[in-house]
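*Asks:* Pasting in a structure now, in structure tokens, and then I'll have a few things to ask.
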Amino acid sequence: MQKKIRFGIIGCSRIAANSTLPAIQTSQYAQIVNIGSRTNEKAQKFAAQFGCNKYGTYEDVLSDEDVDAVYISTPVGLHEEWAVKAANAGKHVLCEKSSTTSYLSAQKMVLSAKQNNTRLMEGFMFRFHPSHKKVLELIRNNALGRLFSFYGMYGFQAIPKSDIRYNKNLGGGILNDATCYPICASRIIFGKEPIGVTCVLNLDKETSIDERALIMMNYGNDQFAQAAVGYGLFYQSLYSVWGSEGFLKLSRSYNIPPDMSALLTLNNAKENNEISIEPANHFSLMIDGFSKEVLGIDQAAFNFEDDLLNQAKVMEAARLSSLENRFIKLSEIK
Ligand SMILES: NC(=O)c1ccc[n+]([C@@H]2O[C@H](COP(=O)([O-])OP(=O)(O)OC[C@H]3O[C@@H](n4cnc5c(N)ncnc54)[C@H](OP(=O)(O)O)[C@@H]3O)[C@@H](O)[C@H]2O)c1
């Protein structure tokens, strides 16, 4: 019988209920063994819904010897606390995006994982979707020539101010919540880290939460990425990549339902093509990818901990750029 990663759940969130727990439940590499919540009723309800015998507090999950790994989907501002506690309890950690609120926080999380010989992955499910593999394949096969620019857009309708995303103490704001996606996507497309970042974050007057973000990342060698992200906008979730010989655009780049095909538009001298990418459940692919790496069955396409640190460094540069109104070199982030 295939060995499975036994997951404990830290936080009965909406994303856990709607996407991640169903993905764990149906995975051949993972299973849910304990569900933790701040309230007993919610833990019990989730346990019943996902056919799990054990439930309790977050601490109960961490002290359970049957738990190999935890899935953390608390608000961003609480990720570090529970990721470090989980690593110290000997558990591997799959932590929702954004995993951290600062580069220092990311360093602490990775250090705790290294010290405890556990693994830590930032839960960017989108990167497991086959559409990005197809984009990378086209780039590798020179369909775009030499890459010049990445442009990402991610935005959705206004959300209520009672949401965790409007709470400063809980790590709210559009940078941590959604700008992280095109930042991560551009790092994947260029296959390297930017040398510097310029970012403007527009704040809501009432909460001081960043609601709109414009970011420019200089990848060096005449290569740039930009992204526009915000709340209170007509829905957009896409990126385009432009090179010396071609242009492509990927629809629903960051959040695509499991039954929807992604549409990739490719224009170059040889073709003007619309490529439909088969529907796929990126949450399931993420759970399988994480579990297979931890089980030693398969190596993921990226190093979990290095990637989390590199992403956090760019995020920190974006915060500092907006705060100090200047271009921030990545080398300034220590
Ligand atoms: N990958 C994706 O597509 C995706 C999509 C949405 C969100 N996310 C990420 O997932 C996480 C949760 O987002 P969500 O929208 O699902 O949030 P949510 O429904 O508000 O859930 C957050 C959960 O965190 C726990 N929590 C612990 N301390 C809390 C506090 N002080 N205030 C509020 N909740 C607290 C609660 O669980 P208990 O009451 O059970 O303790 C709560 O249900 C965030 O990190 C977010 O960035 C990822």
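Throughout, read-outs are computed from the coordinates displayed, never taken from laboratory work. Because the structure is a prediction, the values reported are computed rather than measured. Cβ placement follows ideal geometry from the backbone for every residue including glycine, while neighbour counts extend to all protein chains displayed.
*Asks:* Please label the shape of the stretch 1-129 as rounded, prolate or oblate, based on the square roots a ≥ b ≥ c of the eigenvalues of the alpha-carbon gyration tensor (a/c under 1.5 means rounded; beyond that, a/b larger than b/c means prolate, else oblate). Don't jump to the answer; show the numbers that get you there.
*Replies:* Values: a/c = 1.40, a/b = 1.37, b/c = 1.03.
Here the stretch 1-129 falls in the rounded category.
*Asks:* While we're on this one: Obtain the nm distance between the two label points defined at L214 and E274 by a simple spin-label model: each point lies 7 Å from its Cα along the Cα-to-C-beta direction.
*Replies:* 3.1 nm
*Asks:* Taking a threshold of 21 Å on the Cα-Cα distance, which of the pairs K4/K313; K114/K292; K192/K313 fall above it?
*Replies:* K4/K313
*Asks:* Using only Cα atoms, find the angle between the long axis of helix 130-140 and the longest principal axis of the chain, and express it within 0 to 90 degrees, rounded to the nearest 10.
*Replies:* Here the helix axis deviates by roughly 40 degrees.
*Asks:* Tally Lys and Arg at +1 and Asp and Glu at -1 over the other residues with C-beta under 14 Å from the C-beta of G8: what net charge comes out?
*Replies:* That works out to -1.
*Asks:* Kirkwood Rh over Cα pairs of the stretch 16-72 into Stokes-Einstein at 37 °C, 0.692 mPa s: D in µm²/s? Working shown, then result.
*Replies:* Numbers: Rh = 11.3 Å.
It comes out at roughly 290 µm²/s.
*Asks:* For the stretch 233-248, what does the Karplus curve 6.51 cos²θ - 1.76 cosθ + 1.60, with θ = phi - 60°, yield as ³J(HN,Hα) per residue in whole Hz, taken in order and with x for Gly and Pro?
*Replies:* Calculated HN-Hα couplings, in order: 10, 4, 4, 9, 8, 8, 9, 10, 10, 10, x, 5, 10, x, 9, 9 Hz.
*Asks:* Around A17, what is the net charge, scoring Lys/Arg as +1 and Asp/Glu as -1 over all other residues with Cβ under 12 Å from its Cβ?
*Replies:* +3
*Asks:* Order by neighbour count: W242, W82, fewest other Cβ atoms within 10 Å first, most last.
*Replies:* Ranking W242, W82 by Cβ neighbours within 10 Å, fewest first, gives W242, W82.
*Asks:* If one takes the longest principal axis of the Cα atoms in the chain, at what angle in degrees, from 0 to 90 and to the nearest 10, does the Cα axis of helix 79-88 lie?
*Replies:* Result, in degrees: 50.
*Asks:* When only C-alpha pairs under 8 Å and at least 6 residues apart count, what is the relative contact order of the stretch 223-334, in percent?
*Replies:* 12 percent
*Asks:* Sticking with this structure for a sec: Taking K and R as +1 and D and E as -1, what net charge do the other residues with C-beta under 12 Å from the C-beta of N34 add up to?
*Replies:* Net local charge, N34 excluded: -3.
*Asks:* Label E206 and A158 with points 7 Å out from Cα along Cα→Cβ: what is the distance between them in nm?
*Replies:* Each label point is offset 7 Å from its Cα along the Cβ direction, giving 0.8 nm.
*Asks:* Ignoring solvent entirely, what values of log10 I(q)/I(0) come out of the Debye formula for the stretch 164-231 at 0.13, 0.22, 0.27 Å⁻¹ when each Cα is a single scatterer?
*Replies:* Taking Cα atoms of the stretch 164-231 as identical point scatterers yields -0.38, -0.86, -1.10.
*Asks:* Sticking with this one: State whether the stretch 181-334 is rounded, prolate or oblate according to the following rule on the C-alpha gyration tensor (a ≥ b ≥ c being the square roots of its eigenvalues): a/c under 1.5 gives rounded; otherwise a/b larger than b/c gives prolate, and the remaining case gives oblate. Each step should come with its number before you reach the end.
*Replies:* Working: a/c = 1.45, a/b = 1.25, b/c = 1.16.
It is rounded, given that a/c, with a ≥ b ≥ c, falls under 1.5.
*Asks:* If you count the DSSP beta bridges with both ends in the chain, what percent of them are antiparallel, to the nearest 5?
*Replies:* Beta bridges within the chain, antiparallel portion: roughly 60 percent.
*Asks:* Can you tell me the relative contact order of the stretch 1-134? Whole percent, Cα pairs under 8 Å, sequence separation 6 or more.
*Replies:* 21 percent
*Asks:* Can you give the relative contact order of the chain as a percent, counting alpha carbon pairs under 8 Å and 6+ residues apart?
*Replies:* Relative contact order comes out at 18 percent.
*Asks:* Which pairs, out of K3/K133; K45/K161; K134/K249; K91/K334, put more than 19 Å between their alpha-carbon atoms? Before the final figure, lay out each step's value.
*Replies:* Values: K3/K133 28 Å; K45/K161 26 Å; K134/K249 12 Å; K91/K334 27 Å.
From the list (K3/K133; K45/K161; K134/K249; K91/K334), the Cα-Cα distance tops 19 Å for K3/K133; K45/K161; K91/K334.
*Asks:* May I ask for the angle, rounded to the nearest 10°, between helix 40-49 and the longest principal axis of the chain, with both axes built from Cα atoms and the value confined to 0 to 90°?
*Replies:* 70 degrees
*Asks:* If N is the number of residues in the stretch 70-182, what value comes out of its Cα radius of gyration divided by 2.2 N^0.38 Å?
*Replies:* 1.27
*Asks:* In addition: Calculate the length of the line joining the C-alpha centroid of the stretch 7-55 to that of the stretch 127-156, in whole Å.
*Replies:* 34 Å
*Asks:* Okay, moving on. In what sequence do H132, H92 fall when counting other Cβ within 10 Å, fewest first?
*Replies:* Placing the least packed residue first, the sequence is H132, H92.
*Asks:* Could you state the orientation-averaged shadow area of the convex hull built on the Cα atoms of the chain, in nm² to one decimal?
*Replies:* 17.0 nm²
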